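Below is one structure; the comments refer to it alone.
The values are calculated or read from the model by the stated rules, or taken from the named source; none is laboratory data. None of these values were measured; they are calculated from a predicted model. When we count neighbours, we look across all protein chains shown, and the Cβ atoms used for this are built from the backbone with ideal geometry, even at glycine. For the accessible areas, the whole protein counts, side chains as well, though only heavy atoms, and no ligand, DNA or RNA atoms are used. Shrake-Rupley method; radii C 1.70, N 1.55, O 1.52, S 1.80 Å.
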Amino acid sequence: MGHLGIAVVTGASSGIGSAFATRLASRGYDLLLVARRGDRLRALAERLQADAGVDVTTLVADLTRADDLADVEARIAEIPVSFLVNNAGVGALGPTSIVPPDAQEALIRVNVIALTRLSLAAIARFRSLGGGTLVNIASIMALMPSSGGGAYSGSKAYVLNFTRSLRLELEGAGIGVHAVLPGPVRTEFFSSQGLSDSVFPDQAYITPEALVDAALAGVALGEEVITPTLASPDPWRDVEAMRRAYLREAMSGEIAPRYRDG
Ligand SMILES: NC(=O)c1ccc[n+]([C@@H]2O[C@H](COP(=O)([O-])OP(=O)(O)OC[C@H]3O[C@@H](n4cnc5c(N)ncnc54)[C@H](OP(=O)(O)O)[C@@H]3O)[C@@H](O)[C@H]2O)c1
């Protein structure tokens, strides 16, 4: 085993997850790659072992299934995990009131429940091993209610708040906790859902490799919320200032005048 320990990447069979696996391997991490498509995971594992000389293990798991999720948690508890990227995610995009309930539930199982349980498993492991890094992939949709993706937007808002809350709690514990908010990235995310690859203007897309390089730079900077395409940190600072102003006023303990005569 390499001295950096093992990085676990969920959703490593394509797109952003595959790019994370590649970059982390080239930095010297051994890897545990998780997704449903074992053929793709095995092909990537072979390539990374040959190119980077690291150990790569694959674990086929459908993160909508409680038993598969438990297998991943159990594996994390057994191996020296020093880095987890909770990247697996589904969109179930389409009119929110029409997309089938089962598809929206599956989204919640992957984007919310699996991400939560694997975050907790990794943090327990990091605590026993003396440190580690957790990277949770949210989306700029965390800040955007969307008629074309209510469960997706809600799930990513969950990822953002859950991750930030963990970070608050773990300050000073030697455990890095980061949320990444990508904008549009050129992956199979849209086409695999039967959507056009041109949902957004062409110039709005970045490559998964560029996204991952920027995200890892954000991790190195210690940033809590990493938006790789946000040119200046100012808009995020403004959002935070407005959020604090909102909370100060909402905690006033008094009913607003406009609601008093309802
Ligand atoms: N692309 C974008 O524009 C964009 C923007 C913002 C955020 N994101 C987020 O980035 C992350 C990665 O997305 P991507 O763009 O790289 O999309 P992608 O190419 O479609 O990859 C999604 C990954 O998630 C895995 N996955 C899906 N359902 C799963 C399940 N039930 N169990 C286990 N693994 C599952 C897939 O593997 P299998 O199918 O092999 O299981 C695949 O490896 C997601 O969290 C997504 O929400 C993407």
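For the stretch 202-231, a residue qualifies if it is assigned to a helix (DSSP H, G or I), under 19 Å from residue 167 (Cα atoms) and in contact with a strand residue (DSSP E or B) (Cβ under 7 Å, 6 or more places away or on another chain), and the qualifying residues are 215, 218, 219. Within the stretch 81-112, being of a type in the set (A, V, I, L, M, F, W, C) and within 8 Å of the ligand (Cβ to nearest atom) holds for 88, 90, 106, 110. Checking each residue in the stretch 131-172 for being of a type outside the set (S, T, N, Q), away from the ligand (no atom under 13 Å from the Cβ) and at pLDDT 95 or above picks out 131, 132, 134, 145, 150, 162, 164, 166, 167, 168, 169, 170. The sole residue among 21, 45, 25, 61 that is more than 14 Å from the ligand (Cβ to nearest atom) and either of a type in the set (Asp, Glu) or open to solvent by less than 10 Å² (accessible area, probe 1.4 Å) (or both) is 25.
Please go through the stretch 1-17 and give me each residue that is among the small types (Gly, Ala, Ser) and either in a loop (DSSP other than H, G, I, E, B) or modelled with pLDDT under 95 (or both), ordered by number. Matches in the stretch 1-17: 2, 5, 11, 12, 13, 14.
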